[in-house]
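J.: Starting off with a structure, shown below.
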Amino acid sequence: MPNWNFNSIIIEGPAEKIRALWESAKAQKDSFLLEAMVPIGEWDYDTAIKAWGTKWDLSDEGLELSDLGNGLAQIVGGAESAWAPPIEAFQTYANANEDVYLELRYFEPGMSFIGVWDSRGGDAYWEDVGSLLETTKEEDAVLFELLEEFNVWDWYDLDEDEDEEDNTVKE
């Protein structure tokens, strides 16, 4: 059973292109968005890891298509991935679609990492998230925003009476 990585996703671009991506994703029989972005055909663990950065596709439960009314549309929302964020799929899609903006924010509580990646070159990553919970907006606005977005404090046991130095993930 994998650790689940929580992802917050924005894919924005020309309405026709984004609608076509959404429709392609919805038409997938056993997969969804990643297969529509970077097709691998019949699933294979090694191929999925290399092409997508995660072993399984995302589900469509937390994502939605929105028409922005100005010739643009976006796919937005949250989705879980196994073990890691699907950065490789997003990067590959971005390389082939320069008119589309992609943003991926992610948090994996079991392995204790958090980060953000975007198609304009933004990339920030932190490990040992439990040790970062005292970070303030003034110290690191990006990290603080991610901690808030994923409500990371609720994931870690911050009991002052514990003898352990490190914060531990709640089970």
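J.: Students often get this wrong, so check it: of K26/K50; K26/K137; K26/K55, which have C-alpha atoms separated by over 29 Å? Don't skip to the end; give the middle numbers.
T.: Values: K26/K50 23 Å; K26/K137 38 Å; K26/K55 19 Å.
Check vs 29 Å cut-off fails for K26/K137.
J.: Can I ask one more? Looking only at A51, A73, A96, which one moves most when the chain is put into a Gaussian network model with springs between Cα atoms under 10 Å?
T.: A96
J.: What list of ³J(HN,Hα) couplings, whole Hz, do you get for region 64-80 from phi and the Karplus terms 6.51, -1.76, 1.60, once you set θ to phi - 60° and write x for glycine and proline?
T.: 9, 9, 10, 8, 7, x, 10, x, 10, 9, 8, 9, 9, x, x, 8, 9
J.: Here's something else I'd like to know. Suppose R0 equals 41 Å. What FRET efficiency, 1/(1 + (r/R0)^6) with r the Cβ-Cβ distance, do L133 and N70 give to the nearest 0.05? Spell out each step's value before the answer.
T.: Details: r = 39 Å, r/R0 = 0.95.
Taking R0 as 41 Å, the efficiency between L133 and N70 is 0.55.
J.: Quick check on the chain: take the gyration tensor over C-alpha atoms, sort the square-rooted eigenvalues as a ≥ b ≥ c, and tell me if it's rounded (a/c under 1.5), prolate or oblate. Could the numbers behind the result be given before it?
T.: On the way: a/c = 2.36, a/b = 1.64, b/c = 1.44.
It comes out prolate by the Cα gyration axes.
J.: Find the all-direction average of the projected area of the Cα convex hull for region 44-138, expressing the result in square nanometres with one decimal place. Walk me through the intermediate numbers first.
T.: On the way: hull surface 32.1 nm².
Hull-based average projected area comes out at 8.0 nm².
J.: Between V142 and D46, with labels modelled 7 Å along Cα→Cβ, what's the label distance in nm to one decimal, could you check?
T.: Distance between label points: 3.4 nm.
J.: Next up: What's the extension gain from D157 to R19 if we count 0.36 nm per residue and subtract their Cα-Cα distance? Don't skip to the answer; put the middle values down first.
T.: Working: separation 138, 0.36 × 138 = 49.68 nm, distance 4.21 nm.
Value of the extension gain: 45.5 nm.
J.: Which percent of the accessible heavy-atom area of region 1-114 goes to carbon and sulfur, probe 1.4 angstrom? Working shown, then result.
T.: Working: 2720 of 5500 Å².
The computed percentage sits at 49.
J.: Among S59, P109, N3, flag the residue with its Cα farthest along the positive direction of the charge dipole of the chain, charges on Cβ as +1 for Lys/Arg and -1 for Asp/Glu.
T.: S59
J.: Which one, N70, Y125, I18, projects farthest toward the positive side of the charge dipole computed for region 1-137 from Cβ point charges (K/R +1, D/E -1)?
T.: N70
J.: Something else about it: What's the angle, to the nearest 10 degrees (0 to 90), between helix 87-96's Cα axis and the longest principal axis of the chain?
T.: Approximately 30 degrees, to the nearest 10.
J.: Right, another one. If you place +1 on the Cβ of every Lys and Arg, -1 on the Cβ of every Asp and Glu, and leave all else neutral, what size is the dipole of the chain about its Cα centre, to the nearest 20 Debye?
T.: Values: 10 positive and 41 negative charges, 287 e Å.
Once rounded to the nearest 20, the dipole reads 1380 debye.
J.: Using only the alpha carbon atoms of region 14-73, find the Kirkwood hydrodynamic radius as the inverse mean reciprocal pair distance, in angstroms to one decimal.
T.: Working: mean 1/r = 0.0815 Å⁻¹.
Result for region 14-73 stands at 12.3 Å.
J.: Here is a follow-up. If I model a spin label as a point 7 Å beyond the Cα along the Cα-Cβ vector, how far apart are those points for D118 and K29 in nm?
T.: So the two model labels end up 3.9 nm from each other.
J.: List, in order, the whole-Hz ³J(HN,Hα) value for each residue of region 103-109 obtained from phi through the Karplus relation with A = 6.51, B = -1.76, C = 1.60 and θ = phi - 60°; use x for Gly and Pro.
T.: For region 103-109, the Karplus curve yields 9, 10, 10, 8, 8, 10, x Hz.
J.: Still on this structure: Round to the nearest 10 and report in Å² the accessible area of W126, as given by a 1.4 Å probe over the protein chains' heavy atoms.
T.: Number for this one is 50 Å².
J.: Same structure again: Leaving out ligands and nucleic acids, note down the accessible area per residue over the chain with a 1.4 angstrom probe, in whole Å². Walk me through the numbers before you get to the answer.
T.: Working: 9560 Å² over 171 residues.
Accessible area per residue, the chain: 56 Å².
The values are calculated or read from the model by the stated rules, or taken from the named source; none is laboratory data. All of these numbers come straight from a predicted model, not from anything done at the bench. Cβ: placed from backbone, ideal geometry, glycine included. Neighbour counts: every protein chain shown. Heads up: the accessible areas ignore ligands, DNA and RNA and are worked out on the full protein's heavy atoms, side chains in. Shrake-Rupley method; radii C 1.70, N 1.55, O 1.52, S 1.80 Å.
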